[in-house]
1. I'm trying to understand the selection: among the residues of the range B:40-72, which are within 12 Å of B:I3 (Cβ to Cβ) and either assigned to a loop (DSSP other than H, G, I, E, B) or in contact with a Gly (Cβ under 8 Å, 6 or more places away or on another chain) (or both)?
2. Could you check, for the range A:5-13, whether at least one of its residues is open to solvent by 60 Å² or more (accessible area, probe 1.4 Å) and modelled with pLDDT under 90?
3. Is there a residue in the range A:127-144 that is open to solvent by less than 30 Å² (accessible area, probe 1.4 Å), at pLDDT 80 or above, closer than 30 Å to A:E176 by Cα and in a helix (DSSP H, G or I)?
4. Condition first: exposed (fewer than 13 other Cβ atoms within 10 Å of the Cβ), part of a helix (DSSP H, G or I) and within 14 Å of chain B (Cβ to nearest Cβ). Can you find one or more residues in the range A:152-171 that meet it?
5. Scan the range B:62-72 residue by residue and report those that are away from chain A (no Cβ under 14 Å) and out of contact with any Lys or Arg (no Cβ under 7 Å at 6 or more places or on another chain).
6. Could you tell me whether A:I90 is more than 14 Å from every other protein chain (Cβ to nearest Cβ) and of a type in the set (V, I, T)?
7. Of the conditions (1) touching a helix residue (DSSP H, G or I) at 6+ places or on another chain (Cβ under 9 Å); (2) more than 13 Å from B:I10 (Cβ to Cβ), B:V66 clears all except one; give me its number.
8. Scanning the range A:115-157 for residues that are under 24 Å from the mean Cα position of the chain (by Cα) and small (G, A, S), which turns out farthest from A:S171 (Cα to Cα)?
Amino acid sequence: MRYLGKKSVSQVVSKWLSILWYGSMAGAALILIGVFVANRNLEGFGLTIRGGLKIRVSPEYITPGFDYKKYFGLLLLSVLFMIPLYMAAIYQLRGLFREFVRNRPFNKENARRIRIVGWCVMASWLVDNVLGAALSWTIARNVQVPGVELSTNLFPRLTGLFLGLIIMVLSEVFAEAARIKEEQDLTI
Amino acid sequence: MGIRVRLDQIMLERGMSLTELAKRIDITMANLSILKNNKAKAIRFSTLERLCEVLNCQPGDILEYVKNEDPD
């Protein structure tokens, strides 16, 4: 199985990323419309817990006077932060894999692309943890279901940070490889 | 500037074209141009050896050290 060049895994991934790029643009627009419109007059609200468990909270279990605007404001803020980060990462990955298909993995531009993806991953980790904690805290304070105890764990999950740091190191490895490649290309 | 390649001068003295030299030392025109225009980062001993052989000269005739000028 070939990983670089034409008719390789890179070409397949490159095509997927292109589909994801255009699909994401449509998806981002739908999410924004969804947050603005669909939830505005909602009775109760829905939650999706990491891992896919979905919970629908009926209005009778929500503290009277709970300010929905705060909840949806936080939700909108996290969407507004996450979408550009996600789109930027996909855009850079598209460029990266196009170069892989052209069999030019080691150049300064690719190192820069990987570094941007690393920053996006770390920034989304930060947004996810900060706004996620605020959302969890808001919900835990305002939802009381008999027999169910809701609490928030504010200790950040470190997976995203760890992944971001690995990607940053990888970008430096690519920068070093690009430097060696340039030197080799200019050795006559 | 550091190390300067004086290939253009020697080629002129020997009356040899870039195409002919590239053919005789068996490297591409593109690589020879990089060398001639001082864009190369390094030169292999094997390339230097072939250049000296074809141009009938010493490595010192091809390479020259130019002291970097102080910007002040």
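The values are calculated or read from the model by the stated rules, or taken from the named source; none is laboratory data. A quick note: this is a predicted structure, and the numbers were derived from the prediction, not measured. Please note: Cβ atoms are built from the backbone with ideal geometry, for glycine as well, and neighbour counts cover all protein chains shown. Ligands, DNA and RNA are stripped out before the accessible areas are found, and what is left, the full protein with its side chains, is counted by its heavy atoms. Shrake-Rupley method; radii C 1.70, N 1.55, O 1.52, S 1.80 Å.
1. B:A40, B:K41, B:I43, B:Y65, B:V66, B:K67, B:N68
2. No, every residue in the range A:5-13 fails to be open to solvent by 60 Å² or more (accessible area, probe 1.4 Å) and modelled with pLDDT under 90.
3. Scanning the range A:127-144 turns up no residue that is open to solvent by less than 30 Å² (accessible area, probe 1.4 Å), at pLDDT 80 or above, closer than 30 Å to A:E176 by Cα and in a helix (DSSP H, G or I).
4. No: the range A:152-171 contains no residue that is exposed (fewer than 13 other Cβ atoms within 10 Å of the Cβ), part of a helix (DSSP H, G or I) and within 14 Å of chain B (Cβ to nearest Cβ).
5. Passing the criteria: B:Y65, B:K67, B:N68, B:E69, B:D70, B:P71, B:D72.
6. Considered against the rule, which asks whether it is more than 14 Å from every other protein chain (Cβ to nearest Cβ) and of a type in the set (V, I, T), A:I90 comes out as yes.
7. (1)
8. In this case the residue turns out to be A:S136.
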